[in-house]
Structure formats: structure tokens, C-alpha cells
1. Regarding Gln136, is this residue of a type in the set (S, T, N, Q) and surrounded by 18 or more Cβ atoms within 10 Å (Cβ to Cβ)?
2. Could you go through the stretch 135-155 and let me know if any residue there is more than 21 Å from the chain's Cα centre (by Cα) and among the hydroxyl-bearing types (Ser, Thr, Tyr).
3. Would you confirm whether any residue within the stretch 52-69 is of a type outside the set (Val, Ile, Thr), surrounded by 15 or more Cβ atoms within 10 Å (Cβ to Cβ) and in a helix (DSSP H, G or I)?
4. Mind listing whichever residues of the stretch 325-359 are among the basic types (Lys, Arg) and surrounded by 15 or more Cβ atoms within 10 Å (Cβ to Cβ)?
5. Could you tell me whether the stretch 169-176 includes any residue that is aliphatic (A, V, I, L, M) and either over 27 Å from the mean Cα position of the chain (by Cα) or open to solvent by less than 10 Å² (accessible area, probe 1.4 Å) (or both)?
6. Taking Ala399 and the conditions (1) open to solvent by 10 Å² or more (accessible area, probe 1.4 Å); (2) more than 20 Å from the chain's Cα centre (by Cα), which numbered condition does it fall short on, given that it satisfies the others?
7. Can you name every residue in the stretch 2-22 that is of a type in the set (Ser, Thr, Tyr) and surrounded by 10 or more Cβ atoms within 10 Å (Cβ to Cβ)?
8. Determine whether Asn82 is touching a residue at least 24 places away in the same chain (Cβ under 8 Å), over 20 Å from Pro328 (Cβ atoms), of a type outside the set (A, V, I, L, M) and open to solvent by 10 Å² or more (accessible area, probe 1.4 Å).
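The values are calculated or read from the model by the stated rules, or taken from the named source; none is laboratory data. Computed from a predicted model, the values in this text were never measured in an experiment. Positions of Cβ are generated from backbone atoms using ideal geometry, with glycine treated the same way; all protein chains shown enter the neighbour counts. Just so you know, the surface numbers come from the protein's heavy atoms only, side chains and all, with ligands and any DNA or RNA stripped out. Shrake-Rupley method; radii C 1.70, N 1.55, O 1.52, S 1.80 Å.
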Amino acid sequence: MTDTMSFTPLTPSMIDGYTEAFDAREANRIAMNAVVNAGIDDVARNYDRARTLQRRFSVTVDNGEVTNQRRSGRCWLFSSLNVARFVAKRNLGLKTFEFSQNYAMYFDKLERCNYFLQDLAALALVGESEDSRLVQTLLHDVMGDGGQWTMAMNVYKKYGAVPKDFFPETASSQNTGQMNTSLRTLLRQAVCRIWQAQGDAARIGKVIDATREAAHRILTIHLGEPPKSFFWEWTDEDGEFHRDGEITPQEFWHKYVDAGLEDYVCLVDDPRAEHPKGTKIGIEHLGNVVGGDPTEYLNVPAAFMKDCVRRILTEQGIPVWFGADCHPMMDRKNGAWATDLFEYGRVYDTVFDMDKEERVRFADSAMNHAMAFVGVDVADDGTTTNRWRVENSWGSDIADKGYFTMDDPWFDEYVYEVAVPKSMLPAEYLEALDRPAIMLPAWDPMGALA
């Protein structure tokens, strides 16, 4: 015999009881009056905490004016190119410079169409049902704008990068919704035809070929035709003129972004006990370039991630890419994150006390935004970190001209990934990289895209 639970419907008398209890507490009425007029964040904002979160840092990397991804989910491309542009500016002797995020997105989406089609075709050929959880997950998540560090490096290694002037933004690069909708319909239609082929590899191949060509056509109509080469000349910040002549995007990337970013390792803090620290994690069916590097992470403690970021900023003086759950305890207007920045529990008379592992396990938190660390405040002991300066890609009209401040405990709770040089890893972590990854299913929260 098994225990059963009966479901209780809401009744008018129950709601009347809740209303009576609400009205009996004067603070509820005050909270309601305040929130309906001002909004929850203005009411719950912790004044004492907000005014003591300083914007001063012992180490700052100057990366110039922030970029703006507009109405797109390209933060992972913006942030990785923000790291790359710092290196390029240093090598070119430029005060201002920006890579074309449109160029990177064009080839990411074209490659991702090919990856998706071949991945789904392989599932069809081995007899996977079209209504399985896996297939439906892949169909649901297809052709978003998000990505990961490794996926960005796959694009730059294969296609290089170009200065923004040579492939500027378009209406669709800044607002990707309609383009993505068209691509999703195209790809889902192709998957429909692939399953209708009932294992006929020749028919499936024709569907893939026709769909790839159509995807290329749609992307070019929306984003323009990317340059195969360009004539590069510039005047540096000292007024000296330089001319490189004709150069390809691949040559430009390898010549001026020479910091070894392609060899970086993506560290992740997966707080779930069944995924031990010091092991490699992979996500099934997650990638963008067929034949590119797989999307894998080394699971490490947040303290190790922090130490690596601190060392890169203080010793190498270059920005550090990272991925976080950006929404909790965020003051977007003023550009601040702190675990106690908003007192929602006090306003609601409710306790919110899940820890990081519980939030991940029960779908309350996952990485959803990528940015770059460009500063840190280090205590007098030389290792303890107090707060972090963050280069965002939401424009300069908010925060400190687009730069945010992150309190150190917020890092522990909501930062999930950082990309660091492989050479920084101790021997036991290097050995872990050589072992097979623990493969997680496509729907695992560690597969969330920034």
C-alpha cells in the first residue's frame, strides 16, 4: 500500500481567510501601497547596503567605452570580444577599438544550423522518437542567441574576426527576434522532413543540404555578406599612421589577438554533490561548430575561480570572461550586485533561504549572462577579494558608464563560469582535463547558455 496525497482546491473561504490575515497586519498595507506605486525594487532596496558598496578598486583594467548588445542575446560574443579587443588595442596602440559582433554572430548561427541538422539527423537514424524528451528539448532550444566561451573560440579559430567598421551592426543583429523565428521554423521544418524520410540517408542528406543553403540565404539577407578580406590601416593614439594592406579575418585575429585565448579552459562551479570538484563536465548535444572543440568545463570551487581571476587581473592586466545568473539582487540602473542589496523577504514577510545547490537543482538559478571582469579590490593581505568591477554590454546609460560593481559574496552565489589560461591549473586539474568528461543530458542546468 502506498501513501497518497489528495489535492485541495482553493475555496472562497480560504481566500477570505488569507485576505483577513493580510489586512490584520499593518505592514502588509504599507508594503502594498508602496510597491503598487513604486515597484518592488525601489521599495526593497537596502539603502544602507547600497550606499556602502564602493566603486573603488585596487586593480583596474581600462577597456574604454562599454559596448551595447541592444535587443539580442549576444552577451557571450560581446564579452569574449571585449577581452579580445583589449589585447588588440594594446597591440595596435589604439585608445578605442571594437570588433564586429555581427560578423561573429553570422558564422555562429550558420555553423549552429549545420550542427543542429546533423545532430538531429543522427538521432533520427538511430531510431530516436520525435516526441522523446531529448528531441523535444533540442527543438525547443534551437537557434537562440546564447552561447559559451568554447563556442566563441570555435568561431574565432575558424573564421577570425574583423574590426566593426568592416561589418557593422544591422537592424536584425541589434534585434534578432524575427530572424531567429524564421531560422527556427526553417530548422524545425527540416527536422520534420528528416523524420518523414524514415531512415533514408540519401533523402536526409538532401534535406540538410537544402536547409543549410536556405539558412545561409536568410542570414545574409538579415546580416549582410561578411568580408573575406579587408584593407587594414590605422592611426595609433600617438598619431602614427600604419598600413597592413589586404588581410583576412583569420590573419587579423592571429596577428593582433595573440594572448592565447583559444587555449583557455572554462572553469565551472557546479554545486551539486554528485558532481565532484576536480572533474570534467560535458553537456550532450551542446555545440556550434562540427569538428570544433566540445563544450566542456572543469568543475572547481568558487574560491579557486576567484583566485585565478584575481591573479589574471593583477599579474597579466587583461579582462577575464565569466558567466553568471545576473538577475538576482541586481540594481541595473546603478550597476550593482550584492547578496543583501534587496530585502524582498522583509517586504513580503517571507523567507528566501535556498543555497546555491538548491537553486540549481530546483531550477531557480543558472548561468544566463556573460560579461568580463576588469577590476578587483584586494585586501591588504594580497589575496582576499572585497569586490569586483565588471564590464557589461548593456550600453553606457546605466551603472558607472556601463560598468557594474559586484560584491564578493555575490560571486560565490551567482557566478558559474570563468575562462582562464590552462597554464594556471595545478597538476591534479591538468590531469582531470585528460580524463573523459562526466556527460550531462541536454536539459541539465549546467548547459544553460549566456
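1. Numbers: of a type in the set (S, T, N, Q): yes; surrounded by 18 or more Cβ atoms within 10 Å (Cβ to Cβ): no.
So Gln136 fails the test.
2. No, there is no match, as no residue in the stretch 135-155 is more than 21 Å from the chain's Cα centre (by Cα) and among the hydroxyl-bearing types (Ser, Thr, Tyr).
3. For the stretch 52-69, residues of a type outside the set (Val, Ile, Thr), surrounded by 15 or more Cβ atoms within 10 Å (Cβ to Cβ) and in a helix (DSSP H, G or I): absent.
4. Those that are among the basic types (Lys, Arg) and surrounded by 15 or more Cβ atoms within 10 Å (Cβ to Cβ): Arg332, Lys356, Arg359.
5. no
6. The one condition Ala399 does not meet is (2).
7. Selection gives Tyr18, Thr19.
8. no
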